[in-house]
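Participant: This structure is in structure tokens; I'll ask about it shortly.
What follows is calculated from the coordinates using simple rules that are stated; it is not laboratory data. Only a predicted model underlies this, so the values are computations on that prediction, with no experimental measurement involved. In this analysis, Cβ positions are derived from the backbone assuming ideal geometry, glycine residues included, and neighbour counts consider all displayed protein chains.
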Amino acid sequence: MQVYAALRDAIVRAELAPGQKLSENELAGQLGVSRTPVREAIARLREDRLVEVVPQLGTFVARISTQAVADAQFIREALECAAIRRAAERCGEDDVNALEENLRAQERARDASDFDAFYVLDDAFHQTLCNLSGHPTVWSISQRAKGHLNRVRRLSLPIGDYLTSMVDEHRAVTAAVARHDADEAELALRYHLRMVLREVPRIRSQHPDFFDEA
């Protein structure tokens, strides 16, 4: 599981670049493990559509699929928007305080242009909202489907005032949850989740080799 998580994270961060050929021996050496867990991790990554095998050529990091991004966005929006309605109904003062603390950390990461920290905090914010629904498995299901979307999310962070917009939208979501306004919370979250899709054309123009031809 740790090898899978490490390789998946490396693909999301483009440390293993789209189109890069993967060697089980090299990855095993880098991670300090045998080839068996690497082989098992690569099999799971194939199921996630993050790795592909080309006959006679080898195993490669899959390029970002625009269809897979759209599929993941559909799944994420359906699950998280349902979850946030329950979160708005169930949240207490301590829950709101935890969200506010996360937002303050997001602001610090934004001001420091610490994209890795911001990405982790962004995930933690959304996971907290899912957990507040009383259905924590929503997050794990959503995460498994979001491989290609997460790659785009990570590439979007250095763009202009994107981080500032992210924090502002997170604050709008938090305010609606704090008011126990399920309708407004869902509306604010749905708008926020679609933000990354609006950046796909610009990201694709900046990183054309990262994307498939579709």
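Participant: Just to check your reading of the model, which residue among R90, R86, R46 is under 13 Å from L129 (Cβ atoms) and exposed (fewer than 15 other Cβ atoms within 10 Å of the Cβ)?
Facilitator: Result of the check over R90, R86, R46: R90.
Participant: Quick check on region 115-130: of everything there that is closer than 18 Å to D161 by Cα and of a type in the set (D, E), which residue is surrounded by the most Cβ atoms within 10 Å (Cβ to Cβ)?
Facilitator: Step by step, filter region 115-130, then rank; the result is D122.
Participant: Within region 78-108, take every residue that is of a type in the set (D, E) and free of Cβ contacts under 8 Å to residues at least 24 places away in the same chain and give me the one that is nearest to T164 (Cα to Cα).
Facilitator: Filtering region 78-108 for residues of a type in the set (D, E) gives 80, 89, 93-95, 100-101, 107.
If we keep only those that are free of Cβ contacts under 8 Å to residues at least 24 places away in the same chain too, we end up with 93-94, 101.
Values: E93: 25, D94: 25, E101: 16 Å.
The residue in question is E101.
Participant: So, in region 152-161, exactly how many residues are surrounded by 18 or more Cβ atoms within 10 Å (Cβ to Cβ) and not small (G, A, S)?
Facilitator: 5
Participant: Can you tell me which residue is nearest to L7 (Cα to Cα) among those in region 147-197 that are within 13 Å of the chain's Cα centre (by Cα) and of a type in the set (G, A, S)?
Facilitator: By that ranking, first place goes to G147.
Participant: Among the helices (runs of 4 or more DSSP H) contained in region 1-73, which hold 2 or more residues that are under 24 Å from the mean Cα position of the chain (by Cα) and of a type in the set (D, E)?
Facilitator: On the way: elements: 2-12, 24-31, 35-47.
By residue number, 35-47.
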